[in-house]
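Before any comments, here is the structure.
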Amino acid sequence: MAGKANHRGFGYVRKLPSKRYQGSYIGPDLAPYSGLTTFATKGDSEAWLAAEHRLISMGEWTAPKARRLAEERVTFGAFADAWLHQRDLKPGTRELYRSLLDKQILSTFGPLSLADITPATVRMWFGSYGNKTPAYRARAYQVLRAIFETAVSDELIAANPCRVKGGGTHTRVRKVTPATLDEIQALTEAMPARLAVAVPLASFCALRFGEMSELRRKDIDLQAGILRIRRGVVRVGRQGYIVGHQSRPPASATSRSRLT
């Protein structure tokens with residue numbers, strides 16, 4: 001069990017079970033911080049605390065982990081690659097994120113240290129899109145924000161620099177008008193007989209194209225009135241088409257309400 005911490009003018013020093021010493025203090029953001037390394041003597045820990053206090057007094061303080069990250073120059077690009085690799089994603093989603101990183105994000109942020117990226121940096125990048133491709137811009141911003149959220153959770157940075165209001169949302173450029181019942185019937189009748197059922201399935205059951213493509217006779221229970229979505233297919237770049245089991249819920253709350 002660790003020894004009792006000794007209070008001093010600034011911060012605390014405690015003796016660990018290993019017989020080494022560790023300093024800790026309350027930072028200017030009112031959060032607790034401990035030394036990332038321990039020391040052989042109490043005096044060395046007190047010297048570390050004095051150095052931290054000096055940084056705060058001079059207005060040059062940042063969280064110790066963020067400071068170490070900056071010193072080690074771990075880049076956003078390296079962190080983003082690890083972030084994507086560790087995510088449990090559908091193949092199509094993984095390809096989309098990879099494309100957004102390679103084409104939209106890494107060219108600006110890749111070489112920079114996580115600690116060096118500020119809200120102003122993000123805002124300038126976001127503004128460079130203008131009003132073009134609002135949906136694409138929103139998706140890229142969502143990925144960027146998610147990566148920084150992980151960095152905050154890992155205590156590598158103190159705060160998420162993605163602070164563009166409404167950056168992850170967009171308004172449709174063109175209003176989508178749902179097909180009328182007569183139009184759905186006309187489309188169904190115009191389809192080849194073996195594919196005609198796809199139109200009402202997509203219209204009334206909110207099925208995605210990949211889900212309809214992988215339906216089997218055993219998935220449809222006409223007596224119970226149940227349609228089971230067990231499989232789906234997606235096209236993933238050069239990998240071609242990938243068929244997988246459907247384990248996630250419908251895409252939206254609207255879709256869920258239609259199925260209940």
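Tabulated data for the structure shown
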{"quantity": "Residue satisfying condition, being touching a residue at least 12 places away in the same chain (Cβ under 8 Å), closer than 27 Å to Gly23 by Cα and not hydrophobic (A, V, I, L, M, F, W, C), within set Arg145, Arg67, Arg163, Arg139", "calculated": "Arg67"}
{"quantity": "Filter result for Glu95 (among the acidic types (Asp, Glu), closer than 30 Å to Asp29 by Cα and within 18 Å of the chain's Cα centre (by Cα))", "calculated": "no"}
{"quantity": "Positions within region 28-49 being under 23 Å from Pro161 (Cα atoms) and crowded, with 16+ Cβ neighbours inside 10 Å, in sequence order", "calculated": "Tyr33"}
{"quantity": "Residue count for region 66-76, restricted to those that are in a helix (DSSP H, G or I) and surrounded by fewer than 17 Cβ atoms within 10 Å (Cβ to Cβ)", "calculated": "5"}
{"quantity": "Conditions (1) outside any helix (DSSP H, G or I); (2) crowded, with 18+ Cβ neighbours inside 10 Å; number of the one not met by Glu52", "calculated": "(1)"}
{"quantity": "Qualifying position, being among the hydrophobic types (A, V, I, L, M, F, W, C) and farther than 30 Å from Lys175 by Cβ, among Ala115, Ala135", "calculated": "Ala115"}
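Read-outs: derived from the displayed coordinates by stated rules, not from any lab. Keep in mind that what you see is a predicted model, and the values were worked out from it rather than measured. Cβ: placed from backbone, ideal geometry, glycine included. Neighbour counts: every protein chain shown.
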